[in-house]
1. Only one of Val27, Val36 is at pLDDT 60 or above and in a helix (DSSP H, G or I). Can you tell me which?
2. Name the residues in region 105-126 that are part of a helix (DSSP H, G or I) and either touching a residue at least 60 places away in the same chain (Cβ under 8 Å) or among the small types (Gly, Ala, Ser) (or both), would you?
3. Quick check on my filter: what residues within region 121-139 are surrounded by fewer than 24 Cβ atoms within 10 Å (Cβ to Cβ) and over 21 Å from Gln49 (Cβ atoms)?
4. Scan region 65-81 for residues that are aliphatic (A, V, I, L, M) and within 16 Å of Gly41 (Cβ to Cβ) and jot them down.
5. Please state which one of Gly41, Gly67 is part of a helix (DSSP H, G or I), under 16 Å from Pro137 (Cβ atoms), modelled with pLDDT of 95 or more and of a type in the set (Gly, Ala, Ser).
6. Consider only pairs whose beta carbons are under 9 Å apart and that are at least six residues apart or on different chains; among these, list those whose first residue lies in region 29-53 and is β-branched (Val, Ile, Thr) and whose second residue is modelled with pLDDT under 90 and buried (at least 19 other Cβ atoms within 10 Å of the Cβ).
7. Taking Glu101, is it modelled with pLDDT under 90, surrounded by fewer than 19 Cβ atoms within 10 Å (Cβ to Cβ) and not aliphatic (A, V, I, L, M)?
8. Quick check on region 104-114: of everything there that is among the hydrophobic types (A, V, I, L, M, F, W, C) and closer than 13 Å to Ala42 by Cα, which residue is surrounded by the most Cβ atoms within 10 Å (Cβ to Cβ)?
Amino acid sequence: MAKGYHLKARGRLSKRPVHYALMHGKVSYLALQDLVGAAFGAIFFAVTQEVWDLAARFAPWQTVSVGAGTFLMGYFLIYASRRRKAVTTRVYHHVFLRALEMYVLSFAVSALFVIVLGTAPYSVEPIIKQATLIAMPAMLSAATADLLFY
């Protein structure tokens, strides 16, 4: 089988090549699109007192469950957008990889806002709790940007 055949076949189905944002070590337009979408969703919640108070009361299992729920919501939104474009073709495994890199980027943007704005004490646990909570609207905003421009 030819090297990279599965990527070429996917590119032919959508009439354009499949690009992963960070998988090949290059920043593409998808990474920039995700960055802008995540920043747009995160900035409004990063400066909200209710988010700070809620994150401070989180137990570890709540932090993990919010993170998993955020990833699943983003995954299903990306899956639905890919499915809408190709109703008769099979949806490939790249949806999971796309959701994973979008969640990582959304979490990183959220953590960056928390650190730069100084909304959490400078220790690891409060920063992770706030970034996990803020990553929810960031992920949904980045997935919505992906839905609009895919």
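1. On the way: Val27 fails: in a helix (DSSP H, G or I).
None of the other options fit; the residue is Val36.
2. Residues of region 105-126 part of a helix (DSSP H, G or I): 105-117, 124-126.
Correct list: Leu105, Ser106, Ala108, Val109, Ser110, Ala111, Phe113, Val114, Leu117, Pro126.
3. Val124
4. Taking region 65-81 as the starting set, the residues that turn out to be aliphatic (A, V, I, L, M) are 66, 68, 72-73, 77-78, 80.
Of everything in region 65-81, those that are aliphatic (A, V, I, L, M) and within 16 Å of Gly41 (Cβ to Cβ) turn out to be Val66, Met73, Leu77, Ile78.
5. On the way: Gly41 fails: modelled with pLDDT of 95 or more.
Going through Gly41, Gly67 in turn, the sole match is Gly67.
6. Hits for this filter: Val36/Ala145.
7. On the way: modelled with pLDDT under 90: yes; surrounded by fewer than 19 Cβ atoms within 10 Å (Cβ to Cβ): yes; not aliphatic (A, V, I, L, M): yes.
It is true that Glu101 is modelled with pLDDT under 90, surrounded by fewer than 19 Cβ atoms within 10 Å (Cβ to Cβ) and not aliphatic (A, V, I, L, M).
8. Applying the first criterion (among the hydrophobic types (A, V, I, L, M, F, W, C)) to region 104-114 yields 104-105, 107-109, 111-114.
Among the residues that remain, those that are also closer than 13 Å to Ala42 by Cα are: 105, 107-109, 111-114.
Details: Leu105: 23, Phe107: 22, Ala108: 15, Val109: 28, Ala111: 20, Leu112: 15, Phe113: 21, Val114: 24.
Only one residue tops the list, namely Val109.
The values are calculated or read from the model by the stated rules, or taken from the named source; none is laboratory data. Owing to the predicted nature of the structure, the values given are computational and were not obtained by experimental measurement. Don't worry about glycine lacking a Cβ; one is built from the backbone with ideal geometry, like all the others, and counts go over all protein chains shown.
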